[in-house]
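Engineer: There's a structure below that I have some questions on.
The values are calculated or read from the model by the stated rules, or taken from the named source; none is laboratory data. Note that the structure is a prediction, hence the values are computed from the model and not measured. Every residue, glycine among them, receives a Cβ derived from its backbone with ideal geometry; neighbour counts consider all protein chains shown. Side chains included, ligands, DNA and RNA excluded: accessible areas come from the protein's heavy atoms. Shrake-Rupley method; radii C 1.70, N 1.55, O 1.52, S 1.80 Å.
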Amino acid sequence: MTDHRRPSTPRADILPEAPAPAPAETTVAVCRLAPPGPAVAVASDVVDSPVGPLRVAVSQRGICRLDFDALEVEAAAPRDAQLLDPIREQLDEFFEGRRKVFDLTVDLGPVHGFAYDVLVATSRIPFGELRSYGEIARAVGRPKAARAVGGALHRNPVAVIVPCHRVIGSTGSLTGFGGGLCIKYDLLELEGIEPTSLPKHRASL
């Protein structure tokens, strides 16, 4: 016998919940980091920039050095345009305000453990944003190691590209920087960042 009864409408309060929307993909300003290992420079050169000449060196795995005291750092290897020109081009774009994310692989060499984790977390700070030393310490699972974070960042071998200049004190103070506070000020100003204690005039640093 055919059942001609109309199917009952499910009660609204027992309808299955719609699946939650998938989270949007998070875009971070992160460069590619090679795993820890020996960093043997195969090419190096001096790159002019608004914050002074930069000594850049590359290994077979990626950029392995970016030093601010370029004129005092001895060249680690001969110049190789094929390896160095893409880095020079991206640095030029960054300083001209045309690039916010570096499309480069960074070779941190023998840096490992806590220091490596600190630089990984720092590499993920987007252009134009700041983090405190304490926030980086918490991000790597060492909430009481803010001072040690500062030490690891002071030894960052690839400044600017691994943006340790975006890490400041919990009060907004610039605190330290391997390249000097004037350069840190200039890099933050280039990104449109204004820490609460950023001096109004660079000359006061």
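Engineer: Please count how many residues of region 124-161 are closer than 19 Å to Asp103 by Cα and not in a loop (DSSP other than H, G, I, E, B).
Structural biologist: Total satisfying the criteria: 1.
Engineer: While we're here: Report yes if some residue within region 152-160 is under 10 Å from the mean Cα position of the chain (by Cα) and on the phi > 0 side of the Ramachandran plot; otherwise report no.
Structural biologist: yes
Engineer: Which residue, of Ala115, Ala43, is over 26 Å from Tyr185 (Cα atoms) and in contact (Cβ under 8 Å) with a residue 24 or more places away in the chain?
Structural biologist: Checking each option against the conditions leaves just Ala43.
Engineer: Quick one: Glu89 ticks every box in (1) assigned to a helix (DSSP H, G or I); (2) surrounded by 14 or more Cβ atoms within 10 Å (Cβ to Cβ) except a single one, so which number is it?
Structural biologist: If we test Glu89 against (1) assigned to a helix (DSSP H, G or I); (2) surrounded by 14 or more Cβ atoms within 10 Å (Cβ to Cβ), just (2) comes out false.
Engineer: Continuing with the same structure: How about region 162-191: which of its residues are part of a loop (DSSP other than H, G, I, E, B) and among the aliphatic types (A, V, I, L, M)?
Structural biologist: If the condition is that a residue be part of a loop (DSSP other than H, G, I, E, B) and among the aliphatic types (A, V, I, L, M), then Val162, Leu174 are the ones that fit.
Engineer: Assuming Tyr116 fulfils every condition listed in (1) under 24 Å from Val47 (Cβ atoms); (2) touching a Pro at 6+ places or on another chain (Cβ under 8 Å) apart from one, which condition is it?
Structural biologist: If we test Tyr116 against (1) under 24 Å from Val47 (Cβ atoms); (2) touching a Pro at 6+ places or on another chain (Cβ under 8 Å), just (1) comes out false.
Engineer: Still on this structure: Which residues, taken from region 176-205, are under 16 Å from Val51 (Cα atoms), at pLDDT 85 or above and not small (Gly, Ala, Ser)?
Structural biologist: Matches in region 176-205: Phe177, Leu181, Cys182, Ile183, Lys184, Tyr185, Asp186, Leu187, Leu188, Glu189, Leu190, Glu191.
Engineer: Quick one: which of Val51, Val118 is closer than 24 Å to Ile193 by Cβ and assigned to a helix (DSSP H, G or I)?
Structural biologist: Sole residue among the options that is closer than 24 Å to Ile193 by Cβ and assigned to a helix (DSSP H, G or I): Val118.
Engineer: Condition check: closer than 27 Å to Asp48 by Cβ and in contact with a Leu (Cβ under 6 Å, 6 or more places away or on another chain). Does Arg166 satisfy that?
Structural biologist: In short, yes.
Engineer: Assuming Leu190 fulfils every condition listed in (1) free of Cβ contacts under 8 Å to residues at least 60 places away in the same chain; (2) open to solvent by 20 Å² or more (accessible area, probe 1.4 Å) apart from one, which condition is it?
Structural biologist: Result: Leu190 passes all but (1).
Engineer: Looking at Asp69, Asp85, can you tell me which residue is over 25 Å from Glu194 (Cβ atoms), out of contact with any Pro (no Cβ under 6 Å at 6 or more places or on another chain), without any contact (Cβ under 8 Å) to a residue 12 or more places away in the chain and not hydrophobic (A, V, I, L, M, F, W, C)?
Structural biologist: One residue alone meets the criteria, Asp85.
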